[in-house]
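> Shown below is the structure under consideration.
The values are calculated or read from the model by the stated rules, or taken from the named source; none is laboratory data. All figures in this text were calculated on a predicted structure; none of them were measured in a lab. Neighbour counts are summed over all protein chains in view; Cβ atoms, including those assigned to glycine, are modelled from backbone coordinates with ideal geometry.
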Protein chains: 2
Amino acid sequence: MGNKGENNRQLIVETADQLFYKRGYHQTSFRDIADVTGIPRGNFYYYFKTKDDILNAVVEARLQTYGEILQACEQTASEPRQRLMHFSNMLANFEEDLVQFGCPIGTLCAELAKDRKDLKQVSRAVFVLMRDWLVEQFTALKCVKAEDKATDLLARMQGITVMASVFDDSAFIRRSLVELQEWINEQTPA
Amino acid sequence: MGNKGENNRQLIVETADQLFYKRGYHQTSFRDIADVTGIPRGNFYYYFKTKDDILNAVVEARLQTYGEILQACEQTASEPRQRLMHFSNMLANFEEDLVQFGCPIGTLCAELAKDRKDLKQVSRAVFVLMRDWLVEQFTALKCVKAEDKATDLLARMQGITVMASVFDDSAFIRRSLVELQEWINEQTPA
DNA sequence: GTCTATATGTAGATAGAC
DNA sequence: GTCTATCTACATATAGAC
């Protein structure tokens, strides 16, 4: 009844999201997306003008997804410190994929920073979303320099993910998560 | 006198090294390397069988380069803690490129982890080189769990680089380096 | 809205003259 | 050793029938 189109569009975006993550943006072709979705290559241009437009839609979808994750962190815990704990638990929750493919957001920005700075700016919106939320939590903890703490936490998680992937070492994630959560517990009003 | 060939080979490797860093492996074509070096595309196959072989040569060259950097850290300082300080100073020394293109080794491994795990294993040799050296330094410091400390330091540096690149923020590198060096100073035998 | 056929460009790789 | 011309495959994107 005319909503088949929207279903197809969503299917393309979800599939592209996964493939951009697990193969990379440049290494994902329309053929790849067509093979997974069963939608012919030519149809893509009914929904999107260019491949870049698909990336824009993927970033929008990720903003939605990670926005919901942040909401879940808020609803599961009322105390900011516990919310940060839940946030950092993402390292454990996505352990297997992180080791194999790295962080979906970090690796996308890293890839696009090299030859598509315009798209990198688009992709980093997901990091901005998370950083802003983290600033709220550190501010609620009455930490000094909440902005710095927020970026520090993201940097710690990115570094852990990069090295875990380099050395195919999921145990490193688990060990580092313990240390990271100790660090979170040390964050006080000063 | 027959050594022109070796010069050309070295020129190809050095140019590929730079381009693989600043554009990425997959996004660097033979045409790109030919344009920079002035060597015709067809000639590449006199020196290398495949593009993958060029990557292997680039990794060998990087092992040489970073081996020399580690030697310099050793020769500049006799105390292990000071050697670690010099090592971490790489963040400041390469600040501009790190913000624009990320870490040459980290981003290469991250890219290849997605669709060329075989080449990722090759590329991570540079990390193994650095980690082994760091283990020596932390062991000389009589730290417990020197292996863990070595990987922790690499992870911290990777995370700092990723976020600095994401937010185009070289000031974040400088601030984080101060905190990282405080951490190095806290590493004691206990 | 859906699909096939195709245009246009470029990738890695090869052949063979010089 | 060096260079040009070319092969095959596949990329994004378009045209137009149904």
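> Criterion first (away from DNA strand C (no atom under 16 Å from the Cβ), out of contact with any helix residue (DSSP H, G or I) (no Cβ under 7 Å at 6 or more places or on another chain) and over 30 Å from residue B:103 (Cα atoms)) does residue A:79 satisfy it?
Criteria met by residue A:79.
> Right, something else. Pull up the stretch A:130-150, narrow it to residues that are part of a helix (DSSP H, G or I) and out of contact with any helix residue (DSSP H, G or I) (no Cβ under 6 Å at 6 or more places or on another chain), then point me to the one that is nearest to residue A:60 (Cα to Cα).
Going through the qualifying residues, I end up with A:130.
> Would you pick out the residues in the stretch A:2-34 that are among the hydrophobic types (A, V, I, L, M, F, W, C) and within 12 Å of DNA strand C (Cβ to nearest atom)?
Scanning the stretch A:2-34 gives A:11, A:12, A:30, A:34.
> Identify, please: which residue in the stretch A:162-173 is in contact (Cβ under 8 Å) with a residue 40 or more places away in the chain and either in a helix (DSSP H, G or I) or not charged (D, E, K, R) (or both) and is, among those, surrounded by the most Cβ atoms within 10 Å (Cβ to Cβ)?
So, considering only residues that are in contact (Cβ under 8 Å) with a residue 40 or more places away in the chain and either in a helix (DSSP H, G or I) or not charged (D, E, K, R) (or both), the one surrounded by the most Cβ atoms within 10 Å (Cβ to Cβ) is A:162.
> Right, residue B:176: at pLDDT 95 or above and either assigned to a helix (DSSP H, G or I) or within 8 Å of chain A (Cβ to nearest Cβ) (or both) or not?
Considered against the rule, which asks whether it is at pLDDT 95 or above and either assigned to a helix (DSSP H, G or I) or within 8 Å of chain A (Cβ to nearest Cβ) (or both), residue B:176 comes out as yes.
> Against the condition out of contact with any Asp or Glu (no Cβ under 8 Å at 6 or more places or on another chain), more than 16 Å from DNA strand D (Cβ to nearest atom) and more than 14 Å from every other protein chain (Cβ to nearest Cβ), how does residue B:79 come out, does it pass?
Spelling it out, residue B:79 is indeed out of contact with any Asp or Glu (no Cβ under 8 Å at 6 or more places or on another chain), more than 16 Å from DNA strand D (Cβ to nearest atom) and more than 14 Å from every other protein chain (Cβ to nearest Cβ).
> Sticking with this structure for a sec: What do you reckon, is residue B:68 surrounded by 17 or more Cβ atoms within 10 Å (Cβ to Cβ) and either in contact (Cβ under 8 Å) with a residue 60 or more places away in the chain or not small (Gly, Ala, Ser) (or both)?
The answer is no for residue B:68.
> Being near DNA strand D (Cβ under 8 Å from one of its atoms) and of a type in the set (Val, Ile, Thr) is the filter here, so list the residues in the stretch A:34-50 that pass it.
Across the stretch A:34-50, the qualifying residue is only A:50.
> Something else about it: So is residue B:17 part of a helix (DSSP H, G or I) and without any contact (Cβ under 8 Å) to a residue 40 or more places away in the chain or not?
no
> Which one is nearest to the other protein chains (Cβ to nearest Cβ) among residues in the stretch B:150-173 that are among the charged types (D, E, K, R) and within 21 Å of residue B:129 (Cα to Cα)?
Out of the qualifying residues, it is B:156.
> Further question: When the residues of the stretch B:51-76 are narrowed to those that are away from chain A (no Cβ under 14 Å) and β-branched (Val, Ile, Thr), which ends up nearest to DNA strand D (Cβ to nearest atom)?
Among those residues, the one meeting the criterion is B:54.
> Just name the residue that is surrounded by the fewest Cβ atoms within 10 Å (Cβ to Cβ) out of those in the stretch A:13-33 that are more than 19 Å from residue B:113 (Cα to Cα) and more than 9 Å from DNA strand D (Cβ to nearest atom).
That would be A:14.
> Inside the stretch B:35-62, can you point out the residues that are free of Cβ contacts under 8 Å to residues at least 40 places away in the same chain, more than 8 Å from DNA strand C (Cβ to nearest atom) and among the small types (Gly, Ala, Ser)?
Across the stretch B:35-62, the qualifying residue is only B:38.
> Identify all residues within the stretch B:92-107 that are more than 12 Å from every other protein chain (Cβ to nearest Cβ), in contact (Cβ under 8 Å) with a residue 12 or more places away in the chain and within 18 Å of residue B:127 (Cβ to Cβ); write none if there are none.
Passing the criteria: none in range.
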